[in-house]
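Input: a single structure, listed below in structure tokens.
The values are calculated or read from the model by the stated rules, or taken from the named source; none is laboratory data. Note that this is a predicted model, so its numbers are computed, not measured. With ideal geometry, Cβ positions are generated from the backbone for all residues, glycine too; neighbour counts draw on all protein chains shown. In case anyone asks, the SASA skips ligands and DNA or RNA and just uses the protein heavy atoms, side chains included. Shrake-Rupley method; radii C 1.70, N 1.55, O 1.52, S 1.80 Å.
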Amino acid sequence: MLQPSIVSTSLPYVLPDRSCTAAASLVTRRLLGRGITLRQLLSLYFDPSAVGRFREGMKTREVVREVIIPLTTSDQCAFMESSFMSGRGGKHPAHKLISHWWGAEFLDTVVSAAMDACALDFEEVHDCMASTCPMEELERRAGSQALDIVYWLCIFAVNQHLSICGTAWNPCACTSLHFSSGNPLCEMDKFDRVMAQLPGGIVVALGPDLGALQRIWCFAEISIALHLDQPITFCLSRGVTEQLASELASGQPVVPRVEECEASSEHDKELILRTIANTVGHDLFNLEIRVLVQMQGPGVSGYRAWRDAQEPAPFKELQRRFFEETPRHERRIWKKREAAAFDRRRFRDALRDPSRFEFKFKHSKYVVRRADGSEDFAELYTVGLPISWEDAKCKLNRGMGPKEYDGETLPNMQVYESANDCTCSPCFGVVDGTQIFYHHLGTWFQYRAATPIPFA
């Protein structure tokens, strides 16, 4: 993330008439062309002959100060256009943006990029990085094409000599002019225009404390992706902290409300909050972020996406094949496909529907360990819209018998179709507005720990 304490920046798509000039369009095209491949990123991090300055625990802002600015001072250009990088493959047209926090460890960003490109979990990526030949090991597991995916990282794409160098934190002897937000030549206020042309959406790099989700500028980038209806992927680069695990286990919200996020500039925070309030509103934005994180969490198995791609077969046979015979790496790919298939627009529309029903529940399949060693079930959220039971059976039943959805409803039961069904049953039933049931092979079972959520 760019540091708004040094040069005041603002959320791009709400600024008055500042980006319609030919100069601003040219700057945007240049920014789009300054992508870095995963292969180049890994080479920078692991090859001592390339940089040799990365150290354990190094923060991203320290990388900017100690690596990027010194290596670009003579050229006074963006890192990807420097003579240093021109001999290492140079710049590339970017495919997706990595949203990260400058106060987090730079390794978290590197691991998140590798997780996204290689479709590996953080443990597998760390195993590869601990090997004698990290790049070769990643390429062996994911294929060479994965290492050629191009990412847009602000620290490498933005010319720091036009924005933040020459301060006490980022000393530099160059004499470049600085361009603040609103100037057509400014490179820090055009993230919306860059993101609008990135087909891959954004990857949110998360450390063990989910620090990026506590910073207002990361939320700003997520809000732009939501505004553009682009793919959003959250990558947890390491295991969560004990405190966070405890909060998860106790059902506490681990993602702060956008109003509670931290910012180096109160002006920027006020502008971003006002933008979100004037578009989707704070409450809906906060809930959507929470569900987006949930839809890529432990409740998503990938089974439904896999099942929809199979030839018809008995339900139990399909379950056995997926959970017992499908290799772990293949299940992970289906999990990503299932998460990507989440229909955000349908979910958003459901939250505005007065006939909806919302509830939270403890999922017995997913256990979270508290810091004191005790365990609890993970708490999940869902919202559904009314549907007739006959329509639900016609829509949801697939494959050969026995039918997955069959039988009759219970007395006084209203059936709802879930709008975020990756983490719960595709439909659920409610009796008397308080008793909530899920359906399995012709039988309704009551959730043991489900709580309706009232709304005005």
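In this structure, is residue 193 charged (D, E, K, R), open to solvent by 10 Å² or more (accessible area, probe 1.4 Å) and within 19 Å of residue 125 (Cα to Cα)? Taking the combined requirement at face value, the residue does not satisfy it.
Here's a check for you: in segment 115-137, which residue that is among the small types (Gly, Ala, Ser) and closer than 18 Å to residue 332 by Cα is modelled with the lowest pLDDT? Even if it seems obvious, please write down each step before you answer.
Step one: of segment 115-137, the residues among the small types (Gly, Ala, Ser) are 117, 119, 130-131.
Subsequent filtering for residues that are closer than 18 Å to residue 332 by Cα retains 117, 119.
Values: 117: 93, 119: 85.
Only one residue tops the list, namely 119.
Whenever a residue of segment 125-147 is within 14 Å of residue 43 (Cβ to Cβ) and in contact (Cβ under 8 Å) with a residue 12 or more places away in the chain, its partners that are in a helix (DSSP H, G or I) and among the aromatic types (Phe, Trp, Tyr), lying with C-beta atoms within less than 8 angstrom and at least six residues away or across chains, give the pairs 129/46; 134/46; 135/46.
Test residue 80 against the stated conditions and say whether it is open to solvent by less than 20 Å² (accessible area, probe 1.4 Å) and modelled with pLDDT of 95 or more. Give the derivation first.
Details: open to solvent by less than 20 Å² (accessible area, probe 1.4 Å): yes; modelled with pLDDT of 95 or more: yes.
The answer is yes for residue 80.
Scanning segment 138-171 for residues that are open to solvent by 30 Å² or more (accessible area, probe 1.4 Å) and at pLDDT below 95 yields a total of 12.
In segment 13-31, the count of residues that are surrounded by 14 or more Cβ atoms within 10 Å (Cβ to Cβ), modelled with pLDDT under 55 and under 22 Å from the mean Cα position of the chain (by Cα) is one or more. Cβ-Cβ contacts under 7 Å between residues 6 or more apart (or on different chains), taken from a first residue in segment 51-79 that is free of Cβ contacts under 8 Å to residues at least 40 places away in the same chain to a second residue that is of a type in the set (Lys, Arg), are listed as 66/53; 67/53. The number of residues in segment 390-417 being modelled with pLDDT of 90 or more and open to solvent by less than 20 Å² (accessible area, probe 1.4 Å) comes to 2.
Just one of 283, 209, 189, 268 is modelled with pLDDT of 80 or more, touching a Pro at 6+ places or on another chain (Cβ under 6 Å) and among the charged types (D, E, K, R); which is it? Let's see the steps before the verdict.
Values: 283 fails: touching a Pro at 6+ places or on another chain (Cβ under 6 Å); 209 fails: touching a Pro at 6+ places or on another chain (Cβ under 6 Å); 268 fails: modelled with pLDDT of 80 or more.
Step by step, each of 283, 209, 189, 268 is checked, and only 189 is modelled with pLDDT of 80 or more, touching a Pro at 6+ places or on another chain (Cβ under 6 Å) and among the charged types (D, E, K, R).
The rows are residues; the columns are (1) within 20 Å of residue 451 (Cβ to Cβ); (2) modelled with pLDDT of 85 or more; (3) not in a helix (DSSP H, G or I).
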{"residue": "318", "(1), (2), (3)": "no, no, no"}
{"residue": "329", "(1), (2), (3)": "no, no, no"}
{"residue": "342", "(1), (2), (3)": "no, no, yes"}
{"residue": "345", "(1), (2), (3)": "no, no, no"}
{"residue": "366", "(1), (2), (3)": "yes, no, yes"}
{"residue": "376", "(1), (2), (3)": "yes, no, yes"}
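If you check 200, 182 for being open to solvent by 10 Å² or more (accessible area, probe 1.4 Å), closer than 21 Å to residue 42 by Cα and in a loop (DSSP other than H, G, I, E, B), only one passes: 200.
Of all the helices (runs of 4 or more DSSP H) wholly in segment 111-179, which have at least 3 residues that are more than 22 Å from residue 63 (Cα to Cα) and in contact with a strand residue (DSSP E or B) (Cβ under 6 Å, 6 or more places away or on another chain)? Talk me through it step by step, then tell me what you get.
Working: elements: 122-129, 134-142, 154-157.
Those helices (runs of 4 or more DSSP H) do not exist here; none qualify.
Going by the structure shown, is residue 273 open to solvent by 20 Å² or more (accessible area, probe 1.4 Å), at pLDDT 85 or above and under 15 Å from residue 220 (Cα atoms)? Yes; evaluated as a whole, the condition is true for this residue.
Out of the residues in segment 53-77 that are open to solvent by 60 Å² or more (accessible area, probe 1.4 Å) and within 25 Å of residue 138 (Cα to Cα), which is modelled with the highest pLDDT? Taking the candidates together, the pick is 59.
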